[in-house]
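Structure, as structure tokens:
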């Protein structure tokens, strides 16, 4: 499959993701305490299915993602819609799930929250881990990129209000 057009697209997409070092140098990592407080507030606002969330919390392999436990009123946006009508403030926070529990990115994304600007998000949206959550201090909405929603023509984002 690697030599097919689709295989080349997938390989190129995967090779252009941020590395651990790039994330640490491009974004401000909050302290463990600050990160925990923001994640708890995020979870209390957006999680709707406690049983899935509990499975996510104890899952040491990435078979359950946090967004699987979200309330159901999620809408989809593509990058053009997002650019023209950005639903969050300029000052954002982010964290992620990662598809390999044996990779340092798995724990980093589940344990820490990072500061990011909307401009950084819009300029680098294809480089973030596949299941990345973005929100601002209002906690009115969250924007996320999931591995399920990847479209080879246009990146899809999910918006939950």
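The values are calculated or read from the model by the stated rules, or taken from the named source; none is laboratory data. Source: prediction; values computed, not measured. Note that each Cβ is placed from the backbone with ideal geometry, even for glycine, and that neighbours are counted across all protein chains shown.
Numbers for the structure displayed
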read-out: Subset of segment 107-150 [within 20 Å of residue 16 (Cα to Cα) and without any contact (Cβ under 8 Å) to a residue 12 or more places away in the chain]; value: 123, 148
read-out: Residue within segment 1-23 that is in contact with a helix residue (DSSP H, G or I) (Cβ under 7 Å, 6 or more places away or on another chain) and modelled with pLDDT under 80 present; value: yes
read-out: Which listed residue, of 128, 112, is surrounded by 19 or more Cβ atoms within 10 Å (Cβ to Cβ) and over 22 Å from residue 82 (Cα atoms); value: 112
read-out: Segment 52-83: number of residues that are surrounded by fewer than 14 Cβ atoms within 10 Å (Cβ to Cβ), closer than 17 Å to residue 134 by Cα and either without any contact (Cβ under 8 Å) to a residue 60 or more places away in the chain or in contact with a helix residue (DSSP H, G or I) (Cβ under 8 Å, 6 or more places away or on another chain) (or both); value: 2
read-out: Candidate set: segment 56-76, residues that are modelled with pLDDT of 80 or more and not in a strand (DSSP E or B); chosen: the one farthest from the chain's Cα centre (by Cα); value: 71
read-out: Cβ pairs under 7 Å, 6+ apart, first in segment 40-51 and assigned to a helix (DSSP H, G or I), second exposed (fewer than 13 other Cβ atoms within 10 Å of the Cβ); value: 46/71
read-out: Breaking point among (1) more than 23 Å from residue 118 (Cβ to Cβ); (2) surrounded by 10 or more Cβ atoms within 10 Å (Cβ to Cβ); (3) modelled with pLDDT under 85, for residue 40; value: (3)
read-out: Residue match in segment 133-150 (condition: in contact with a helix residue (DSSP H, G or I) (Cβ under 7 Å, 6 or more places away or on another chain), modelled with pLDDT under 95 and surrounded by fewer than 20 Cβ atoms within 10 Å (Cβ to Cβ)); value: yes
